[in-house]
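S.K.: Attaching a single structure in structure tokens format; questions to follow.
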There are 2 protein chains.
Amino acid sequence: MTTSTTHALDQAIRLQMTAANQFSGHCDETYLNMVGPFGGMTAATLLNAALQHPARLGDPVSLTVNFAGPVALGDFEVEATPLRTNRSTQHWLLLLRQDGEVMTSATAFFANRRETWSEQVAACPQAPAVDELPRMERHERAWFKHYDMRYISGVFQPGGEESNDSLLWVRDEPPRPLDFAALTAIGDIFAPRIFSRRQAFTPAGTVSMTHYFHATQDDLQRAGSDFLLGQAGASRYHHNYADQIAHLWASDGTLLLTSTQVAYFKE
Amino acid sequence: MTTSTTHALDQAIRLQMTAANQFSGHCDETYLNMVGPFGGMTAATLLNAALQHPARLGDPVSLTVNFAGPVALGDFEVEATPLRTNRSTQHWLLLLRQDGEVMTSATAFFANRRETWSEQVAACPQAPAVDELPRMERHERAWFKHYDMRYISGVFQPGGEESNDSLLWVRDEPPRPLDFAALTAIGDIFAPRIFSRRQAFTPAGTVSMTHYFHATQDDLQRAGSDFLLGQAGASRYHHNYADQIAHLWASDGTLLLTSTQVAYFKE
């Protein structure tokens, strides 16, 4: 059995505090994407700075990550500043730098959450059981092999159906208990919508991504290391940019994450 | 005819550059909400700092605003820093302070956009003509009177239907040609989802909001000073927080904005 401290994800997001509000980390080839590392892992790393910060209050409710430039292999610095701490909420500014230059900027909002009236509006879509679906076997990008992805529809592949929407089961490979960092990374699991929409490759990439964490610690614990169901769609593709609206549900149907992003596409 | 320079919106978002990356502004009672000014106007003000900045490149593609504390009546400072400028894109950090304390933080992404393959996925909902609907006549908040809002469904009012979703026509009052600042403000026009869902008041407010601007300058010009159609829904209400996913269309059906936010609610 793999313990969480030796999982590739935990290696990738590992940070060392070097001074007040300052952390150092290292990017290797494990989760490499087309240009730089898988954006979900960069997002998880930035969130991790706030999660590990001694001044942290509560749990993440929202996270926005702006991908300003490709993170290069090697060391990086993360500056994590609690911009404002209220009685039960906290606002963060998170900056990832290499050679003094900002590669990724982020803001996060944390809070102590109490029990309230609750209701889930977005019902979990119908989907075949995980066991009935083949695992996606693709190796173009290093990070693919660290996720077990089982597409139900909207996969980007030669001869695939042109679709704005994608639906898949996904979990870390090997399995790893879900936490805020892992959920953050999985929230970026979907290929740019334009790939499946046109079933054609064009240079593309996320420029800004926002996660809203519905999941509380209880929800995460219940989700465990089981598969999550993810669904993503788009509203408009226009003049180099398209949005994406996505949701992730636990296998018991609990909505864990609402995520949006805007992605560049070349033509 | 009201010229754009004398419109209340232009007064509200007006900024004076005081030093490199530094602007000063003033908050008066014009757009006052329950606690502090209407969040949409604060968002528009922050965006305006980047729009007016001498180093500005291109047009806004995304904007995230975090409401850390209530902006008080009186003067404020905005620090607008271009974190990174690439060949055709630019990343901004925007901080609004009063008495040295961060009240609102924001990040924005700007880009020069070129013509590409385009497609609108999110179709404009069916709605009765504006003239067939009464204007919402409510005066609890100062900012209401600066918008002409005509609800088709999901209005929060005594005896109203319990609904997660709201649909309305909306424009500035008096009419004002649409630009990125006005669109930013209108993107926050919807009441917290929990109000219409339960048709009951609870302390509530947006803590983080993200806009994706599908609208290019051409789209804005075509939209003119006509009504926009806005639709908002929610995915989950849980432990003090709920998300909102919204869209704004021009009267010709063009999707101008995808907006998400997460809002606090007390119980």
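The values are calculated or read from the model by the stated rules, or taken from the named source; none is laboratory data. The structure displayed is predicted, hence computed values, not measured ones. Every residue, glycine as well, gets a Cβ built from its backbone with ideal geometry; the counts of neighbours run over all protein chains shown. Calculation scope for accessible area: heavy atoms of the full protein, side chains included, ligands and nucleic acids excluded. Shrake-Rupley method; radii C 1.70, N 1.55, O 1.52, S 1.80 Å.
S.K.: Please list B:Val61, B:Val121 in order of solvent-accessible area, largest first, computed with a 1.4 Å probe with all protein chains present.
M.R.: B:Val121, B:Val61
S.K.: Taking only C-alpha pairs under 8 Å that are 6+ residues apart, what is the relative contact order of the stretch B:12-128 in percent?
M.R.: With pairs under 8 Å counted, the relative contact order is 25 percent.
S.K.: Please work out the Cα convex hull volume for the stretch B:121-267 and give it in Å³ per residue.
M.R.: On the way: hull volume 16.3 nm³, N = 147.
Hull volume normalised by residue count: 111 Å³.
S.K.: If you don't mind, another one. Interface A/B, total buried accessible area with a 1.4 Å probe, nearest 100 Å²?
M.R.: Numbers: alone 13010 and 12990 Å², together 20450 Å².
Accessible area lost upon association: around 5600 Å².
S.K.: First compute the accessible area of the stretch B:1-55 with a 1.4 Å probe, then give the percent of it belonging to carbon and sulfur atoms.
M.R.: The C+S portion of the solvent-accessible surface of the stretch B:1-55 is 52 percent.
S.K.: Could you tell me the calculated FRET efficiency between B:Thr202 and B:Glu173, based on Cβ-Cβ distance and R0 = 25 angstrom, to the nearest 0.05?
M.R.: Result of the calculation: an efficiency of 0.35.
S.K.: Picking from B:Arg193, B:Arg14, B:Arg114, which is most flexible by a Gaussian network model of chain B using Cα springs under 10 Å?
M.R.: Maximum among the listed residues: B:Arg114.
S.K.: Sum -39500 (n - 2.57) across every DSSP H segment of at least 4 residues in the protein assembly as shown, then divide by the residue count to get the 222 nm mean residue ellipticity, nearest 500.
M.R.: -4000 deg cm²/dmol
S.K.: Now, a different point. Looking only at the stretch B:36-59, which residues have a backbone nitrogen under 17 Å from a spot 7 Å from the Cα of B:Gln11 in the C-beta direction?
M.R.: Only B:37-38, B:41-42, B:45 fall inside the zone, counting backbone N under 17 Å.
S.K.: First select every other residue whose beta carbon is under 14 angstrom from the beta carbon of A:Glu267; then total the charges, Lys and Arg +1, Asp and Glu -1.
M.R.: +3
S.K.: What accessible area per residue, rounded to a whole number of Å², is obtained for the protein assembly as shown using a probe radius of 1.4 Å?
M.R.: Numbers: 20450 Å² over 534 residues.
Per-residue value: 38 Å².
S.K.: Have a look at the stretch B:199-220 and report residues whose accessible surface goes down by 40 Å² or more when the remaining protein chains are included, against the chain on its own, probe 1.4 Å, ligands and DNA/RNA excluded.
M.R.: Residues passing the criterion (a loss of at least 40 Å², heavy atoms only) are B:Tyr212, B:His214.
S.K.: Quick one: 3J(HN,Hα) in Hz for the stretch A:128-142, Karplus 6.51/-1.76/1.60 with θ = phi - 60°, rounded, Gly and Pro as x.
M.R.: Once rounded to whole Hz, the list reads x, 4, 3, 5, 7, 10, x, 6, 5, 10, 9, 9, 5, 10, 4.
S.K.: Sticking with this one: Once you have a ≥ b ≥ c as the square roots of the Cα gyration tensor eigenvalues for the stretch A:78-182, tell me rounded if a/c is under 1.5, and otherwise prolate or oblate according to whether a/b is larger than b/c.
M.R.: Oblate, since a/c reaches 1.5 and b/c is not below a/b.
S.K.: Mind checking the mean number of beta-carbon atoms from other chains within 10 Å of the Cβ atoms in A:105-116? Kindly include the intermediate steps, with their values, before the conclusion.
M.R.: Working: counts 9, 2, 9, 2, 9, 0, 6, 2, 5, 4, 4, 12.
Going residue by residue through A:105-116 and averaging, the value is 5.
S.K.: Okay, moving on. Given the options A:Arg138, A:Arg197, A:Arg222, state which has the largest fluctuation in a GNM of chain A using a 10 Å cut-off (strictly under) for Cα springs.
M.R.: A:Arg138
S.K.: Something else about it: Evaluate the protein assembly as shown: find the radius of gyration of its Cα atoms, find its Kirkwood radius, and give the ratio Rg to Rh.
M.R.: Answer for the protein assembly as shown: 0.94.
S.K.: Also, I was wondering about something else. Within the stretch A:65-190, what whole-number % of the accessible surface is contributed by carbon and sulfur, with the 1.4 Å probe and all protein chains included in the calculation? Spell out each step's value before the answer.
M.R.: On the way: 2590 of 5510 Å².
In the stretch A:65-190, the share of accessible area belonging to carbon and sulfur is 47 percent.
S.K.: Here's a follow-up. Can you run phi through the Karplus equation (6.51, -1.76, 1.60; θ = phi - 60°) for the stretch B:176-186 and list ³J(HN,Hα) in whole Hz, with x for Gly and Pro?
M.R.: Listing the rounded values in order: 8, x, 5, 9, 4, 5, 5, 5, 4, 5, 5 Hz.
S.K.: Among rounded, prolate and oblate, which fits the stretch B:1-136 when a ≥ b ≥ c are the square roots of the eigenvalues of its C-alpha gyration tensor, a/c under 1.5 means rounded, and a/b larger than b/c means prolate?
M.R.: Note, shape of the stretch B:1-136 comes out oblate.
S.K.: In addition: Take the alpha carbon atoms of the stretch B:56-124, find their center, do the same for the stretch A:181-210, and report the distance between the two centers in whole angstrom.
M.R.: Between the Cα centres of the stretch B:56-124 and the stretch A:181-210 lies a distance of 22 Å.
S.K.: List the residues, sorted by chain then number, that are 5 or more residues from B:Ser208 or on another chain and whose placed amide H is less than 5 Å from its amide H.
M.R.: Distant-sequence amide H within range of B:Ser208: B:Phe67, B:Val262.
S.K.: Given contacts defined as C-alpha pairs under 8 Å and at least six residues apart, what's the relative contact order of the stretch B:1-53, whole-number percent?
M.R.: 34
S.K.: Which order do the peptides A:199-207, B:43-51, B:149-157, A:91-99 come out in when sorted by mean C-beta neighbours inside 10 angstrom, highest first?
M.R.: B:43-51, A:91-99, B:149-157, A:199-207
S.K.: Using only the alpha carbons, work out the radius of gyration and Dmax of chain A in angstrom.
M.R.: Spelled out, the Cα radius of gyration and Dmax of chain A are 17.8, 54 Å.
S.K.: Here is a follow-up. Please give every one of the lysines within straight-line cross-link reach of A:Lys266, meaning a C-alpha to C-alpha distance under 30 Å, and leave out same-chain neighbours fewer than 8 residues apart.
M.R.: A:Lys145
S.K.: Now for a different question. Can you give the average number of partner chain beta-carbon atoms within 10 Å of each beta-carbon in peptide A:75-88, as a whole number?
M.R.: Other-chain Cβ atoms within 10 Å of each residue's Cβ, averaged: 2.
S.K.: A further question follows. Please give the peptides A:140-147, B:65-72 ranked by average Cβ packing (other Cβ atoms within 10 Å per residue), highest first, as a rough proxy for protection.
M.R.: Output ranking for A:140-147, B:65-72: B:65-72, A:140-147.
S.K.: Diagonalise the Cα gyration tensor of the stretch B:40-106 and give the resulting equivalent ellipsoid semi-axes, square root of 5 times each eigenvalue, largest first, whole Å. Numbers along the way, then the final one.
M.R.: Working: eigenvalues 101, 24, 20 Å².
Equivalent ellipsoid of the stretch B:40-106: 22, 11, 10 Å, largest first.
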